[in-house]
Amino acid sequence: VGLRVLGAATLPRFCPASNLTAQSVDIGEWVPNTFEISFTLCDGAANKVAASERISISFDITNPTDRQEPPAISISASGTFLLAGTPVVVTQESLLGVLKGKDPLKVEVPQFWRGAVEQSSPFSDANNDISLSFAPTVDLEGNRGAVITMTGINAGPQTSSTLALNDEAAPWFCVSGEDSKAAYDHVSGTVTFTVCAGKKVASIEFDGVGPSWKVKFTMKNPSVSQVTSENLLSATSALFDVPAVALVIIDTTVFGIDNAKNPLRVVVPTFLDFTMSQSVFYGNENNVISMSFRPTIEIAGVEEGAVTVKGLRGVTLNAIVNLTSAANSTFQFCDEAGTPSMSDWKNELELVLTLCAGEKIAFNETVSLMFNVLNGAIDQESPAIFLAGSLGQIVTMREVPVIKPNRPLLGVPNGSDPLKIVVPKFSIRSIEQSNPVASDVNIITVKFSPTMPLEGVKNARMSISGLVSQDTSKSLFKGNTVDLLQATGFPGQHLLFCKDGTGPPAQGTWDAFSAILTLFMCSNAQVLGGAVSSFAFQITNPAIAMTSPSLQIGGVDDVPIVFAEQEMTKPGLVLDTVPLGSDPLMIVTGQSQLLMTQSNPVADAVNTIVVDLAFNVPKYQGEVQYITISGLLGAVMDPDVPMTSTLGTNVFCRNSTEGVLTRGIGAWDAATNRLTFEICADLEIETDRSLGALFYFRNPAVAQGSPANILVQGRGSVYLPNTPVIKPGTAVEGVPQGADPLKAVYWFNTRNIGQQTPLADKPNVITLTLHPNVLVPAGTKVTVSGLFGAIVANPTILAASPALGNNGHLKFCVGTMPARGAWSGSPSAPILTGR
C-alpha cells in the first residue's frame, strides 16, 4: 500500500517488513483477512518516531460496494516494546450530504432510495399533471453539474421543449439559467432536471422519515390510447453517478381504467361498436330505433355522466322519450326529473341519456336499448348520427359515428339504416308518345322506379290516370283489355304485369269511364325499390287537336303500402317539328293548312282548283303520302287528271297497277266523285310547307252551291282523317262565295225576251232583259239564237228599253259603233250577237 507522509518531514520511512533495507520506501502492507494495514520503519538510526512526535500518514483504499456504517478503527505498535491498540478519533462530520460521511469507511451508495410518480388524467388530449417525488442518498449539487433524468414520458410533441415546474422543489432546477424549468425531449421521452448553480438537492437519510423532494409539470396527453411505459430516475454529477431506478407507481383504477395513475397511460374516452338500426322506413310511420354501444371508460351518474345521440334528423320524438331494452340496461338512464327508463329530447336533434344517480356503465359494458320515433313525411337518406358523452366537467368523450347495417329492408336498399325515410312514391315516373298526329296509331312508353318494392304476392298494382281524350267520338283503346308492349332497352318487363294479377301476362285493364289504366303485378313478379322498369302500350290518337293532359301515376298493395298519386313527367321535346310533340296526347291534326279555292264559278265553264295543303309534321324522303279529295260533286274530269304544284311539276305521282310511276298525274273516280294523288316518295316536305296542288275540271252544267262535304284524307307517312276543306267564302267575278269550290252559277240570273206585236209582216220591237250573275267583262259576246222568221238589219241598231229606262243598249258595239248588234240571217240558225 503506497503511503504518503504528510507535512515537511522526510522521516520516518517505512519499508516492507521482509526487507527493511529496501530501496522502495513508504510502503505499507495490507492484510485482507484481518482488515489491517501495517507500517514497518526502515533500518537506520535516524529513521524513528520520537516520543510525542505527531506524524500524518495517508493512503488510498477502494470503498465497499455496499453502504455501511463507519467501523471501529484502532492503532497499535510492536517491536522493541508493545503499544496497546488505541481507538482512533473520528469527527462524525457529514460529507456530500452523508451523515458521518468523513468517518473512515462510512460508505453510502449514491441512489434514489425513494421515488414515485403519478399522473392526474388518463384521458387523451387532456392536460395532465405529472407529479414526481424522490429522495437521494447523497447531495446533488449544481456547482458539480448535477443533472436528474426521468425516462418513459412518452407524451409526444408539446408546444415547447421547456416545461414549467411547480411544487416545492421547482426553484432548484434551471434551464439556461431560468429556474423552475426542465427540458423535455419528445423523441426519447425524457425529462431532464438540471440543478441550478449554487443550489443543491440535499440528501435525505436512507430509510428516514423526512419529506421527499417534490416537483410537478403539466403536459398534454396524446390523442391516441397507449399503455404506460417504465419510468426510470437517474442522476449524474462530477463526483458520481446515480444509477437509474424504477419509480414507484400505484396501480389505481379510475373511471374503469386500470393503471390510470401511471404516467402517460392514455385512454381515448369514447365509444366502441356504436350501432343503430330501425324497424320501419316509411314516411309518417312509427319507427323503433335499436342501438347499442360500449364505453371505453366508466360512466357514472355520480359524476353527472350522460350519453348523447346526435343528428336524429327528419323525425319527431316526445320531449320525454321512453326507453326499452331486452338487455335490461335502460334502468341506468333517467330524464331530468329523475324518472328511470326515460331520456330527454333536446334541440329537435339530440337524445340525451343521463345516468341515474348511483348508477353507472362499466368500462367496456355493452348497452342496448330501443326508443320510438315518428318518421318524417319527406324522403331522406340515413343522416350522419353520432354518439357523444361526458362526465360533468371532468371529461368530454370523443364522439363517434354510428355503424349502420347497410342491409335492405323490405327490398329497399339500406332500408335498415337509422332514419332512412322512404315515402312510397315513384322517383322516376316519365311518360312519352311516339306520334302526335290526330287519329293515327301512337305508342305510349312509361318508365317508372318505385322507392319501395312492388310485389305480386302482395297484390301490388299501379294506375295511370288522366288519359282523357277530348274526342268523344271514339276511345283511345279498342276495349277494356290493354295489351302491353316491350319498351326499348327493357326486354321482357312488360311481362311483369298480368290481367287482374292472375290473368294473361302483358295485359292491363282500361276503365274508359274514369280514364284509368290499371296494371297488376303478376303473382310471381316484383319490381324492387330503386329499380327502373319500362313498358309501352298502343292507343289510337283522338281525331281532333288537343294539348297533353295532366297524367298521374299511383300504386297500392294489400299491406297496405300506398303510393300517393304523383304527376308524371313528360319530355317536353319537339317531335316531328311539333312543339311538345313527345308529350302524351299532345295532338295536332295532320294538316296545318287546307284551303281550297276555285277560279270560275260559271256553270259548265272550265275551272281551276287550288288546294293550299300543308302538314303539321314533315314528310321525309322515301316516305309515301296519299291524298284523297272526296265530295267533288258535279265536277267533270278525265280519269287522268293533270296536276301541278307551287313546288314544281314533279310533286305528284301515280302508280299504275303495273307499277309504272307517272309524275304530274292524279286519278279521278267519277263514280265516287274522288280525286286521288300521291306525293312522290323522293320528295321531302318541311312542316307547314304548302303543296299548292292545282288541277282543272269543267263545272257542272247546272247551277249549284259549293258541296258541303268536300273532304281531304291522308294516308301513308302522315295520317289525315277525312277533314273538311276550308272555303275562302270570297266573291269571284262578282259572285258571292264564288271562290268556294264547285259553286256554279249561270251567266244571267234574269234573261227575259219579249216583243211589241204578234201581227204578221208588221214591224216588231224585241226587248231583251238581262240580269247577269257574274261580272261580264268588256269583249264578252252575248248571243241570242232561235229568232226564226225574223228579218233584221245588219248591223242592227239597238235602242234603250222604255221599261227599264237605262242605257244598256250602249254597252254593245259592232266594231266601234255603239248600240249595234250583228245579225246572221241564216234561216236555219238566225243569231243576233252583241259584244
Linear extension gain, residue 427 paired with residue 250, 0.36 nm per residue minus alpha-carbon span: 57.3 nm
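Enter the per residue convex hull volume of region 75-125, computed from alpha-carbon coordinates, in Å³ rounded to the nearest integer. Don't jump to the answer; show the numbers that get you there.
On the way: hull volume 5.7 nm³, N = 51.
Value for region 75-125: 111 Å³ per residue.
Starting from the Cα coordinates of region 509-597, work out the convex hull volume and express it per residue in Å³.
Details: hull volume 13.0 nm³, N = 89.
Each residue corresponds to 146 Å³ of Cα convex hull volume.
Taking only the C-alpha atoms, wrap a convex hull around region 250-303 and report its volume per residue in Å³ as a whole number.
In region 250-303, the Cα convex hull volume per residue is 104 Å³.
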query: What aspartates and glutamates sit close enough to residue 743 to cross-link, taking a C-alpha to C-alpha distance under 12 Å and skipping anything fewer than 8 places away on the same chain?
result: 604
message: Could you give each residue of region 420-434 its phi-based ³J(HN,Hα) in whole Hz, using Karplus coefficients 6.51, -1.76, 1.60 with θ = phi - 60°, and x for Gly or Pro?
response: 6, 10, 10, 7, x, 6, 10, 6, 10, 7, 9, 8, 8, 10, 9
task: Keeping the other protein chains in place, figure out the carbon and sulfur percent of the accessible area of the chain, with a 1.4 Å probe.
output: 54
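With viscosity set to 0.692 mPa s and temperature to 37 °C, compute the Stokes-Einstein D of region 280-361, Rh being the Kirkwood radius across alpha carbon pairs; µm²/s, no decimals. Don't jump to the answer; show the numbers that get you there.
Numbers: Rh = 13.4 Å.
Taking Rh from Cα pairs, D becomes 245 µm²/s.
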message: I need the phi-derived Karplus couplings for region 455-470: 6.51 cos²θ - 1.76 cosθ + 1.60, θ = phi - 60°, integer Hz, Gly and Pro marked x.
response: 10, x, 5, 9, 6, 6, 8, 10, 9, 10, 10, x, 6, 9, 9, 7
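Just need the relative contact order of region 227-293 here, percent rounded to a whole number, with Cα pairs under 8 Å and 6+ apart. Present the calculation step by step, with values, prior to reporting the outcome.
Numbers: 84 pairs, mean separation 14.8, N = 67.
Relative contact order comes out at 22 percent.
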query: What are the extents of the Cα atoms of region 525-646 along their three principal axes, listed from largest to smallest and rounded to whole Å?
result: 79, 29, 25
- request: Binning at 5 Å from 0, report for region 641-716 what percent of all alpha-carbon pair distances ends up in each bin.
  value: 3, 12, 21, 25, 17, 12, 7, 2, 0
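Under 37 °C and 0.692 mPa s, how fast does region 565-622 diffuse according to Stokes-Einstein, given a Kirkwood radius computed over C-alpha pairs? Answer in µm²/s, whole number.
On the way: Rh = 14.8 Å.
Roughly 222 µm²/s, to the nearest whole number.
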message: I'd like the projected area of region 151-244, averaged over all directions, using the convex hull of its alpha carbons. Report it in nm² with one decimal.
response: 7.4
- request: Starting from 0 in steps of 5 Å, tell me what percent of the Cα-Cα pairs of region 47-205 lands in each bin.
  value: 2, 7, 12, 15, 13, 10, 9, 7, 6, 5, 4, 3, 3, 2, 1, 1, 0
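Excluding ligands, DNA and RNA, what is the solvent-accessible area per residue of the chain at a probe of 1.4 Å, expressed in Å²?
Working: 41590 Å² over 835 residues.
Per residue, the chain has an accessible area of 50 Å².
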- request: Would you compute the Debye intensity of region 135-184 from its alpha-carbon atoms alone, equal scatterers and no solvent, and pass along log10 I(q)/I(0) at q = 0.14, 0.26, 0.27 Å⁻¹ to two decimals?
  value: -0.41, -1.20, -1.24
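Report the Rg/Rh value for the chain, based on alpha-carbon coordinates and the Kirkwood definition of Rh.
1.52
For the chain, what relative contact order do you get, as a whole percent, if you take Cα pairs closer than 8 Å and at least 6 residues apart? Write down the numbers at each step before the final one.
Values: 2197 pairs, mean separation 52.8, N = 835.
Result for the chain is 6 percent.
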task: Mind computing the radius of gyration and Dmax over the alpha-carbon atoms of region 466-528? Å is fine for both.
output: 12.9, 40
- request: Please tell me the relative contact order of region 308-454 in percent, rounded to the nearest whole number, where contacts are Cα pairs under 8 Å and at least six residues apart.
  value: 20
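Out of all Cα-Cα pairs in region 598-648, roughly what percent, to the nearest whole number, are more than 13 Å apart?
Numbers: 950 of 1275 pairs.
Tail of P(r) above 13 Å: 75 percent of Cα pairs.
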task: In whole Å, largest first, what are the principal axis extents of the Cα atoms in region 414-482?
output: 54, 24, 17
Proportion of all alpha-carbon pairs of region 646-803 beyond 25 Å (%): 56
Euclidean distance between Cα centres, region 103-157 to region 327-403, Å: 44
message: List the aspartates and glutamates whose Cα sits under 16 Å from the Cα of residue 458, skipping any in the same chain fewer than 8 residues away.
response: 500, 557, 558
- line: Counting only Cβ distances under 4.7 Å between cysteines, those in the chain with no partner are 813
task: Report the normalised scattering of region 1-126 as log10 I(q)/I(0) at q = 0.11, 0.14, 0.20 Å⁻¹, calculated by the Debye formula with identical scatterers on the alpha carbons.
output: -0.54, -0.79, -1.29
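Here is the link list: 727/811; 425/474; 220/346; 220/404; 106/200; 404/570. Which ones come out longer than 27 Å on Cα distance? Can you show the working numbers first?
Values: 727/811 34 Å; 425/474 33 Å; 220/346 33 Å; 220/404 34 Å; 106/200 22 Å; 404/570 37 Å.
Among 727/811; 425/474; 220/346; 220/404; 106/200; 404/570, the Cα-Cα distance tops 27 Å for 727/811; 425/474; 220/346; 220/404; 404/570.
The values are calculated or read from the model by the stated rules, or taken from the named source; none is laboratory data. Everything quoted here is computed from the prediction, not taken from an experiment. Virtual Cβ from ideal backbone geometry, glycine too; neighbours counted across all protein chains shown. For the accessible areas, the whole protein counts, side chains as well, though only heavy atoms, and no ligand, DNA or RNA atoms are used. Shrake-Rupley method; radii C 1.70, N 1.55, O 1.52, S 1.80 Å.
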